[in-house]
Amino acid sequence: EEFAIRNAKRRARKREASLNDFTAAQWREIKATFGYRCAYCGKKPKQLTQDHITPLAKGGSHTASNIVPACSSCNSKKHTGAPPVPVQPLLITLA
């Protein structure tokens, strides 16, 4: 999981994301808030991926307010398009 977070941060830097402050603690909190389920289909896969609501390729930021958990299938289907179903991003802050 920590490797995935570092890899995502590296991708965001390469895409020159305007904000790149997403942490592993925020990812754990987001997954827990969504009940460890995909934000789009509601399935509970073994592993969730980070899906940027506004893709990095289209100017999205790598922040908690732009990331939701998604199963690999939904994340692949979305690619750089619009989310398959409307999703409300979380506004979280960690102390």
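The values are calculated or read from the model by the stated rules, or taken from the named source; none is laboratory data. The structure presented is a predicted model; accordingly, all values stated were derived computationally and were not measured. Using ideal geometry, Cβ is built from the backbone for each residue, glycine included, and neighbour counts are taken over all protein chains shown. Heads up: the accessible areas ignore ligands, DNA and RNA and are worked out on the full protein's heavy atoms, side chains in. Shrake-Rupley method; radii C 1.70, N 1.55, O 1.52, S 1.80 Å.
Residue count for region 42-83, restricted to those that are open to solvent by 40 Å² or more (accessible area, probe 1.4 Å) and in contact with a Gly (Cβ under 8 Å, 6 or more places away or on another chain): 2. Residues that are over 16 Å from Pro83 (Cα atoms), touching a helix residue (DSSP H, G or I) at 6+ places or on another chain (Cβ under 6 Å) and outside any strand (DSSP E or B) within region 49-70 comprise just one, Ala64.
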